[in-house]
Amino acid sequence: MENEYTITIFSENKTGVLSRVIGIITRRKINMDSISASKSAIKGIHKIIIVIKVTETQVRKICAQIDKQIDVFKAFYYDNSDLVYQEIALYKVPTEAFYQGDTVENLVRKYDAKILRIEKKYIVIEKTGHQEETEALLEELEQVGIYEFIRSGRVAIVKPMERLNTYLKKRNIA
Amino acid sequence: MEIKAKKAQAPKKVKSDRAKTNSKKAKAKISGAEAVLKCLLKEGVDLIYGYPGGAIMPIYDALYDYQKKIQHVLTRHEQGAIHAAEGYARATRKTGVCFATSGPGATNLFTGLGDALMDSTPLVCVTGQVYSHLLGSDAFQEVDVIGCTTSITKWNYQITDPNEIPEVMAKAFYIANSGRPGPVLIDITKDAQVGLLDFKYKRTTKIRSYFPLPEVDSAQITAAAKLINAAKKPLILSGHGIQIAEAHEVFRKFVEKTGIPVASTIHGLSSLNNDHPLYVGMLGMHGNYGPNIKTNQCDLLIAIGMRFDDRVTGNLQKYATQAKKIHIEIDPSEINKNVEVEAPVLADAKDAIVALHKKVKKKTYPSWLKEFRACDKKEYRKVISKDLAKLTSGPIKMAQAIKEASDQTKGKAIVVTDVGQHQMLAARYYDYSDKNLWISSGGAGTMGFGLPAAIGAKMGRPQKEVLCVCGDGGFQMTLQELGVCSQYDVAVKILLLDNNYLGMVRQWQELFFERRYSFVELENPDFVTIAKGFGVEGHTVADAKNLKASIKQMLDHDGPYLLHVTCIKEENVFPIISTGKAVDEIALE
């Protein structure tokens, strides 16, 4: 059964690592739902987070193949219940929309969103949350009119204490 | 230590000496191009296959001064260079090296890279690249080689600074030939080749994110030994990993202690001699009847250094579901990839076998072995006796030619094949009687592999007879490398089995596409004239009665030789496990 899995990959910060990792996923014609990369808490080690919808067997095999790339330390996969995760979404809506009654204001309150910038022609709203939440706000804003929408890749922290540390210790790295 | 001692005795002199060497060193910067060659020497490389061109010219210029230390073989096509490097690597267990220029030179390597990755072959390929300031500008002969080769290399890297060369080259050799071996490509921009550096070389022994050699886990060994000791009908599947780990001796001892029958994958051929009493034949699509049937009747499979390729397993849902499985494998991503196993052993084949040997009981399985021999009889009656039926006139049977060559070389030649029917028959009918005799394109199935790989194998092990078995289709994909045989006097013996067809595709069209022979018939050139044009001796044998003498003539010839064998036009390779069928649905006719 397909499920949403979050793969976290710890790697060297080198050109080409990301394309190696992505290639392993795309060669199976799996579309990635989200991807993000940044430094990790361990100095010099990079963290890539990818979200895909696949079966557990698939994600296990994908992780094993990512794992064996030379510049990858370790790849882990998690179920959503193992994670604390967030995405950030930005919405550009016509300023006019705020003149017409209190719809937009109510939305901002309801969704606990933030106004980032007010211009004559448009207002930029920010909302962090899970995809369902940012999606729901998008749907409502579409009713009043929206110019632009963008959502970031998922960032996630795993609930179990990071397995990488144990792993690196075992290998005498960190 | 020595310097210290000198210092104590005559400090002043040493100081001035040192100053001298320092200033000398400061002047003695070398070019990136020369550094590449020095790295190769440090890694013990004495043979390179390659083809020059614009972006790699500085390296070739440096090579001009190094040709006494490193032999360079100019192939006729970059694909020839990389397959030759593969053949060399497979025959010697050393890392094969090849050079190519940027753009088309590099793209011509891709087939070989994919092939080497599939068949775990250690290569270091160096490609020239345009100047770094031109990267991404669609410059002349610029191709994004790193981008293109990411999925067909174990590792690749682009060097744009000459100072990176020693460290990256050291890493390349370490990665290529450690753990599960594979191809590494190093792309070096022209400015990095002409730029200068202080050369210091240190071989790589560790990369912090890479763990090539897992330590044998004693719990896994205990679990595996327990299954082995309890088994009533066990079967060993021996794979390429035994050859790569050079585990032939320990493997044979292990087999003899446990008494377990051994079936081999195609790349496991010659991991145990064919005439060993416990050897029961080859697995897979065109393998032997017994090992395929018995795969679905055994109670324990012990897979060593193999990866349950679909050509071995047939229909996975019906593959050995009754059996428990042990999988000894060095690449963790192969474990539970195609077949789920009860007892994985993540280790080098040799280490695992040695550890396992101590924990297994001495046993024999006479009645189980008899079951294999009964299968052999059936296969002999239905297939082998027909394939080997001695024809006395007219066109020749492919199997007959291979068997004759096998007999005359006493089963001790290195057999390098191309891809197709002749390949399957060479796997089936050559009597492998020494270790590491089989070199073929198994995973990728690369037509055109045969001749250049045979060249590499012969140059790697010149004392061995190297028999290159080709079909008329694949041979024409890389026959320009006959020029290499001639120019460098590489004495490969080419057994060209010509049936004027792309035989394997024709067989499939016959069996599975209602004999609709769609573009498989060839109008062939006069192969012997072509060989002679290249300076390679040869002749045609068209009549079965002359086969024996012809093969002798080929083998007796001092130097490369082409024996063009006119074969029966339509022959099928049996047995066959058709697509979607289970291993025990193997058809004998």
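The values are calculated or read from the model by the stated rules, or taken from the named source; none is laboratory data. Nothing here was measured: the structure is a model prediction, and the numbers come from that model. A quick note on method: Cβ atoms are made from the backbone with ideal geometry, for glycine too, and the neighbour counts reach across all protein chains shown. SASA here: full protein model, heavy atoms, side chains in, ligands and nucleic acids out. Shrake-Rupley method; radii C 1.70, N 1.55, O 1.52, S 1.80 Å.
Listing for the model above:
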read-out	value
Label point distance in nm, A:Val144-B:Lys362, each placed 7 Å from Cα along Cα→Cβ	8.8 nm
C-alpha center-to-center spacing [the stretch B:274-303, the stretch B:96-172] in angstrom	40 Å
Ranked by how many other beta carbons lie within 10 Å on average, peptides B:444-450, A:8-14 from highest	B:444-450, A:8-14
Of B:Lys377/B:Lys403; A:Lys47/B:Lys42; A:Lys53/A:Lys159; A:Lys68/A:Lys169, pairs whose Cα-Cα distance is over 27 Å	A:Lys47/B:Lys42
Inter-chain Cβ neighbour average for residues B:328-335, partner chain, 10 Å	3
Using a Förster distance of 30 Å, the FRET efficiency for B:Ser385-B:Glu340 (Cβ separation, nearest 0.05)	0.15
Electrostatic dipole magnitude of the protein assembly as shown [Cβ: Lys, Arg +1; Asp, Glu -1; Cα centre; debye, to 20]	3820 debye
Net dipole in debye of chain B [+1 Lys, Arg Cβ; -1 Asp, Glu Cβ; about Cα centre; nearest 20]	2940 debye
Segments B:127-139, B:480-492, B:105-117 sorted - mean Cβ within 10 Å per residue, highest first	B:105-117, B:480-492, B:127-139
Accessible-area composition of the stretch A:84-151, carbon plus sulfur, in percent [1.4 Å probe]	48 percent
Paramagnetic label zone (point 7 Å from Cα along Cα-to-C-beta, A:Arg171; backbone N under 19 Å) in the stretch B:213-247	B:213-217
Magnitude of the charge dipole, the stretch A:84-151, Cβ model with Lys/Arg +1 and Asp/Glu -1, debye to 20	340 debye
Degrees separating the helix B:366-379 axis from the principal Cα axis of chain B, which is the longest one	80 degrees
Rounded to whole Å, sorted largest first: equivalent-ellipsoid semi-axes of the stretch A:84-151, Cα gyration tensor	19, 12, 10
Shielding score for B:200-212, defined as the mean number of other chain Cβ atoms within 10 Å	3
Chain B: angle of helix B:349-359 to the longest principal axis, Cα-based, in degrees nearest 10	60 degrees
Three-way shape label, the stretch B:129-227, alpha-carbon gyration tensor, a/c 1.5	oblate
Nearby lysines by direct alpha-carbon distance to B:Lys397 (threshold 18 angstrom, same-chain neighbours under 8 apart not counted)	B:Lys382, B:Lys386, B:Lys545, B:Lys548, B:Lys552, B:Lys569
Scattering curve values for the stretch B:489-573, log₁₀ I(q)/I(0), Debye with Cα scatterers, q = 0.14, 0.18 Å⁻¹	-0.56, -0.80
Difference of contour (0.36 nm per residue) and Cα-Cα distance, B:Thr579 to B:Gln317	93.0 nm
Computed Kirkwood radius, in angstrom, where 1/r is averaged over Cα pairs of the protein assembly as shown	29.1 Å
The stretch A:22-74-the stretch B:535-582 distance, computed between alpha-carbon centres (Å)	49 Å
Rg over Rh, two decimals, chain A (C-alpha only, Kirkwood Rh)	1.07
The stretch B:140-241: Lys pairs at Cα distance under 21 angstrom, eight or more positions apart or on different chains	7
For A:60-72, mean number of other protein chain Cβ atoms within 10 Å	5
Prolate/oblate/rounded label for the stretch B:290-375 (Cα gyration tensor, a/c 1.5)	oblate
In degrees, nearest ten, helix B:547-556 long axis to first principal axis of chain B (Cα)	20 degrees
Total accessible area lost when B and A pair, probe 1.4 Å, Å² to nearest 100	1700 Å²
Considering only the protein assembly as shown, percent of DSSP beta bridges that pair antiparallel, nearest 5	45 percent
Among A:Gln69, A:Gln86, A:Ile22 - extreme Cα towards positive end, dipole of the stretch A:1-101, charges at beta-carbon	A:Gln69
Lys/Arg +1, Asp/Glu -1 at C-beta; chain B dipole; positive extreme among B:Leu213, B:Thr127, B:Leu482	B:Leu213
Rounded to 5, the percent of DSSP beta bridges in chain B classed as antiparallel	10 percent
Distance between modelled label sites at B:Glu167 and B:Ser137, nm, 7 Å Cα→Cβ extension	2.8 nm
Whole-percent pair-distance distribution, where bins are 10 Å wide, for the alpha carbons of chain B	3, 17, 25, 24, 18, 9, 3, 1, 0, 0
